[in-house]
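S.K.: Before we start, here is the structure in question, set down as structure tokens.
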Amino acid sequence: MSDVAASPNRRRGIVSLTLMAGIMLVGLHIAIGLLTLVWLPYEPNAFTGGRLEGASLAHWVGTDRLGRDLFTQLMIGSRIALTVGLGAVAIGATIGVSIGILAAFASRWLDDALAATLDILIAFPTLLIAMLVVAASDTASLGSAIVALGIALSAIVARLTRILAKRVLVMDYITAARTSGSSWPKIVAIHVLPNIWPTLSVNFALQFGLAVIAEASLSYLGLGAPPPNASWGRMLQEAQGTVYTAPLGAIAPGIALVSLAIGVNLLADGLRARIDAARTLS
Amino acid sequence: MSPLLEITGLSVRSATKVLVDTLSLTLQRGERLGLIGESGSGKSLTALAATGLLAPGLRASGSVKLAGREVVGAADRDLDQLRGKAVAIVFQEPLTALDPLMRVGRQIREPLRRRARRDGRPLSGQALDAAVLAIMVDVALPDPVRIARAYPHELSGGQRQRVAIAMAIACEPDLLIADEPTTALDVTTQAEIMALLDRLVRDRNMALLFISHDLPLVASAVEQVIVLRQGVAVESGPVARVFSEPAHDYTRSLLSAARRFDAALEGRQ
Ligand SMILES: Nc1ncnc2c1ncn2[C@@H]1O[C@H](COP(=O)(O)OP(=O)(O)OP(=O)(O)O)[C@@H](O)[C@H]1O
Ligand SMILES: [Mg+2]
């Protein structure tokens, strides 16, 4: 008989470059988002400079067509993007995981019906579903955008959860728990959820990225948070007419959006690599 | 007194096939019975049907009485009372028998605590930890304090199987079903695990349903055997008689295959 092998700590040592880069990019946005709660360079809606100014020491990325500071708006954009991403993923995860677990336990025909419904929902683009939900709630607000995106994401989460849970449920340790008289809710809590969590968490990171981009798209279309909230999507839309005379107004929110999306995806990739490494160790 | 396990005319069907065909067997308290047959003959399905744990796509008919209670067609809620008291199972594959993400000690603690609570003598805290360690010592796990904190992938195959056995006996079952508990192990470890099962079954006065395709192994562990072929019991009786005077061609072919295998092993030494 061999001795107890590698210590579990070894797994925690694997923090790849990808993961580091992801953490840094996302961390930067989080830091900026938190900072906006206590400090901003300017009043976001104050006319603090000339119209469409270029970058200067006073206005790091210039001003918009009303003379408001763009950097201030970008910073607020970080907060809004993170809020929408977190909110949408939290809603999508709650609804999706519940439905997925239910489907995994459901009788044959209910499971088939749920699976088919989810497949149909997933065939619709996330953005389209979100637009329909926003349209259904008559005022566009930050809240309605979050709920809309959360509902749109929940189908993807539900399908993944269903498949992952089914894979765990056929394991002998589940049958062993059943033979020893453990109840289903208990089995879900201590065996199923912990075992599907690693894969789910990677997926949540990807969903977060999707939600951030979808929110920008909604705002671009005028279906996102209404004006006092500076969303990157709306900044892009407002800069559209002046993109040749003042390109910074479009480039800056573009870079902000892309950097957060890339950061989240790097984070997801890094997490996945880490989980795979832990799996091959076991 | 009624038998611990009484299976009468049990059939298990999938949508297209009969997988176990009108099987009957009886097991008294403290008795040891072997269920043998080649891969796919329905051994594991019989064990699962006996505990009411067949996969959703499969249907059982006939009668399975466990500790006097009917299992076929019974509601899960009623069976939960029976499970973990009347019966526990040790599975074939020790890797999937343990939750990869849960520390070993906790995996033993869960059934132990459940059993204690049901018996109206709830255990918790240090008393529970001590009981976990006691069971780990009983199944001869080395350095139990350290292993209790380890994850399954940090253990050897033999150690994992000992943990699986510890989880089963933590339920203090009247009947232990061992579904090919040594198939995934090397020969030396196999012998150790067999000796352990033998001791535990005797010490705790459990009945044993031992499932295997390995005839010599079965012969050493049980008194009675049933030979299963494509879901049908083709022969049954005391181990010595079935092995010395097999009545059925299939048993003879199983036996001669085992002898050829033994001869080949000896020839190599
Ligand atoms: N859920 C299921 N649905 C349909 N058929 C199944 C299912 N589970 C098992 N079977 C079939 O039932 C037959 C008996 O399976 P079982 O697992 O009882 O075999 P076994 O005797 O335990 O074999 P082994 O020695 O390989 O473990 C096999 O042919 C198998 O393909
Ligand atoms: Mg089997």
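The values are calculated or read from the model by the stated rules, or taken from the named source; none is laboratory data. Given the structure is predicted, the values throughout are model-derived calculations rather than measurements. Glycine also receives a Cβ, built like all others from the backbone with ideal geometry; neighbour counts cover every protein chain displayed. Side chains are part of the model used for accessible areas, which takes the heavy atoms of the whole protein and leaves out ligands, DNA and RNA. Shrake-Rupley method; radii C 1.70, N 1.55, O 1.52, S 1.80 Å.
S.K.: From the backbone phi of segment A:188-194, what are the Karplus-calculated ³J(HN,Hα) couplings (6.51 cos²θ - 1.76 cosθ + 1.60, θ = phi - 60°) in whole Hz, Gly and Pro given as x?
M.R.: 4, 5, 9, 10, 5, 4, x
S.K.: In terms of Cα to Cα distance under 17 Å, which aspartates and glutamates are near enough to B:LYS17, apart from those fewer than 8 places away along the same chain?
M.R.: none
S.K.: Next up: Enumerate the amide H contacts of B:LEU141 below 5 Å, restricted to partners 5 or more residues apart or on another chain; note that Pro and chain-start residues carry no placed amide H.
M.R.: Those qualifying (amide H under 5 Å, at least 5 residues apart or on another chain) number zero.
S.K.: Enumerate the amide H contacts of B:THR22 below 5 Å, restricted to partners 5 or more residues apart or on another chain; note that Pro and chain-start residues carry no placed amide H.
M.R.: Amide H neighbours of B:THR22, under 5 Å, 5+ apart: B:SER11, B:VAL12.
S.K.: So, one more: Once you keep just the Cα pairs under 8 angstrom separated by 6 or more residues, what percentage relative contact order results for chain A?
M.R.: Reported as a whole number, the value is 27 percent.
S.K.: Can I ask one more? So how do A:34-42, A:268-276 stack up, highest first, on mean other-Cβ count within 10 Å?
M.R.: Descending mean neighbour count gives A:268-276, A:34-42.
S.K.: Could you name the aspartates and glutamates in cross-link range of A:LYS166, using Cα to Cα under 16 Å and dropping any fewer than eight places away on the same chain?
M.R.: In chain and number order, the partners are A:ASP111, A:ASP112, B:ASP99.
S.K.: Could you tell me the relative contact order of segment B:47-93? Use alpha-carbon pairs under 8 Å, at least six residues apart, and round to a whole percent.
M.R.: In percent, rounded to a whole number, it is 33.
S.K.: Could you provide, to the nearest whole Å², the per residue accessible area of segment B:5-265 with probe 1.4 Å?
M.R.: That works out to 42 Å² per residue.
S.K.: Let me check I've understood the local charge: for B:GLU180, count other residues with C-beta under 9 angstrom from its C-beta, Lys and Arg +1, Asp and Glu -1. What total comes out?
M.R.: Around B:GLU180, the charge tally is -2.
S.K.: DSSP beta bridges in the protein assembly as shown, what fraction antiparallel, as a percent rounded to 5?
M.R.: Here the antiparallel bridges make up roughly 55 percent for the protein assembly as shown.
S.K.: Can you tally the net charge around A:ILE80? Count Lys and Arg as +1, Asp and Glu as -1, for every other residue whose Cβ sits under 12 Å from the Cβ of A:ILE80.
M.R.: My count for the surroundings of A:ILE80 gives +1.
S.K.: Rounded to whole Hz and in sequence order, give me ³J(HN,Hα) for segment B:223-230 from the Karplus expression 6.51 cos²θ - 1.76 cosθ + 1.60, θ = phi - 60°, writing x for Gly and Pro.
M.R.: Once rounded to whole Hz, the list reads 9, 10, 10, 10, 9, 10, 9, 6.
S.K.: Along the charge dipole of segment B:5-265, pointing to its positive end and built from +1/-1 on Cβ of Lys, Arg, Asp and Glu, which listed residue (B:LEU25, B:GLY120, B:VAL227) has its Cα farthest out?
M.R.: B:GLY120
S.K.: Taking each residue in B:21-34, count the Cβ atoms of any other chain within 10 Å of its Cβ, then average. What number comes out?
M.R.: Whole-number average of other-chain Cβ neighbours for B:21-34 is 0.
S.K.: What list of ³J(HN,Hα) values in whole Hz, one per residue of segment B:105-112 in order, does the Karplus curve 6.51 cos²θ - 1.76 cosθ + 1.60 (θ = phi - 60°) give from phi, with Gly and Pro shown as x?
M.R.: x, 5, 5, 7, 5, 4, x, 5
S.K.: Further question on the same structure: Which cross-chain or sequence-distant (5 or more) residues have an amide H under 5 Å from the amide H of B:LEU5, H modelled 1.01 Å from N in plane?
M.R.: Sorted by chain and number, the residues that satisfy this are B:LEU27, B:ALA67.
S.K.: Partner chain Cβ atoms within 10 Å, averaged over the residues of B:92-100 - can you pull that number for me?
M.R.: Average per residue, whole number: 5.
S.K.: State, as an integer percentage, the relative contact order of chain B based on alpha-carbon contacts under 8 Å between residues 6 or more apart.
M.R.: 25 percent
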